[in-house]
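Just below is one structure, and these are the notes that go with it.
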Amino acid sequence: MTSVGVVVPTRGDRPVLLRQAVESVLGQAHWGTLTVVVVVDGGGPVAQIAAGLAGLGDGARRRVLVLPNTRTPGLPGARNTGLDALDAADLAAFCDDDDLWLPGKLAAQLRALRRGGGEFASCGIEVEHGGHRVPRLAGTSTVSAADLVRSRMVMVHSSTFLFERGAPRPDESAPGGQNEDWDLALRAAKRHPITYVDRPLVRVRWGSSHYAARWADRIAGLDWMLARHPELAVDPRGAARVYGQLAFGHAALGHRRAALRWAARALASRPAEPRAPIALAVAAGLVSAPAVLSRLHDRGHGI
């Protein structure tokens, strides 16, 4: 009869998606208590959001709470506000307000944690963008810190996280909330390999992200990760990927010199790194950053 608390951060500006996200969590088959804490960030209308979610849950084993973010403004602070409100739950989880938990998600992860041990679980995702749905799987039952250094592993997504109360928490110093989920997964994997269910059990809707085109924040988030996890610059493949992302971010902002510098570092680390020539094409004006992202997202990939 494990009790599970699920934190759903929101700004309150997409009420239909938010209600769908909460319904997808409450619809999970689970014998224990299931509590959803919706945390409103950025001064959104808490009372209005609570009214929009009225009627969900049964008030006993399935509850919905709506709270304002009382910690650092932004996604990590909102997540931690929700975790503070769930101090009685055995396990905690996240679901973004534009994502959906697919049927069987919670049960499959609980079984995997009981069978394999560990304190932190993830699962495969189904990326939805532009009418396309693409499964992204890892092909493994565990994810190590080395795996997350070599590749960001998009399927190890925040909306898939299920973890014990003593596991690491989001770091509120993440610039603009960028890469806080990657950092959290890395810190968790350094303690114990992440238990992973290789099935698409969360639908991630990329078209509605608040963060997709915030290039300055994305650059700051990558710099933050390099400073926090020096091993990212040691693995040639992982380093080339981060450098290529930095090159693309600077190219998207029109910083041609910085884009060239980071693209050169990416190619020096790994001559086959595909992000470098893409960034150079954007810097040269041959293609726009939004057009590149749209094509990649249709295939279930990001930059």
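None of the figures in this text is laboratory data; all of them are computed from the coordinates on show. Predicted model only: the values in this text are computed from it and were never measured. With ideal geometry, Cβ positions are generated from the backbone for all residues, glycine too; neighbour counts draw on all protein chains shown.
DSSP assigns beta bridges within the stretch 38-136; of those with both partners inside it, close to 60 percent run antiparallel.
Mean silhouette area of the stretch 235-298, derived from the convex hull of its C-alpha atoms and averaged over all directions, reads 3.8 nm².
Treating each Cα of the stretch 154-303 as one equal point scatterer and applying the Debye formula with no solvent, the log10 of I(q)/I(0) at q = 0.11, 0.19, 0.21 Å⁻¹ comes out as -0.45, -1.29, -1.46.
The average projected area of the chain, computed from the convex hull of its Cα atoms over all directions, is 14.7 nm².
As a proxy for reagent exposure, ranking E164, E273 by other Cβ atoms within 10 Å from fewest up yields E164, E273.
Overall, the ratio between the Cα radius of gyration of the stretch 1-118 and 2.2 N^0.38 Å, rounded to two decimals, is 1.01. Distance from the alpha carbon centroid of the stretch 231-297 to that of the stretch 141-165 works out to 23 angstrom. Going from the fewest other Cβ atoms within 10 Å to the most, the residues R115, R19 appear in the order R115, R19.
Listing C123, C95 from fewest to most neighbouring C-beta atoms within 10 Å gives C95, C123.
Available extension along the chain between D171 and L226 is 18.3 nm, counting 0.36 nm per residue and deducting the alpha carbon span. Once the Cα-Cα distance is subtracted from the 0.36 nm per residue extended length, the D84 to S141 segment shows a gain of 17.5 nm. Modelled this way, with points 7 Å down the Cα-to-C-beta line, the labels at R111 and A264 are 5.4 nm from one another. For the stretch 64-202, the share of alpha carbon pairs falling in successive 5 Å distance bins from zero is 2, 10, 20, 23, 21, 15, 7, 1 percent. Computed from Cα positions, the angle between helix 15-26 and the longest principal axis of the chain comes to roughly 60 degrees.
With respect to the chain, whose longest principal axis is taken over its alpha-carbon atoms, helix 180-191 is tilted by about 80°.
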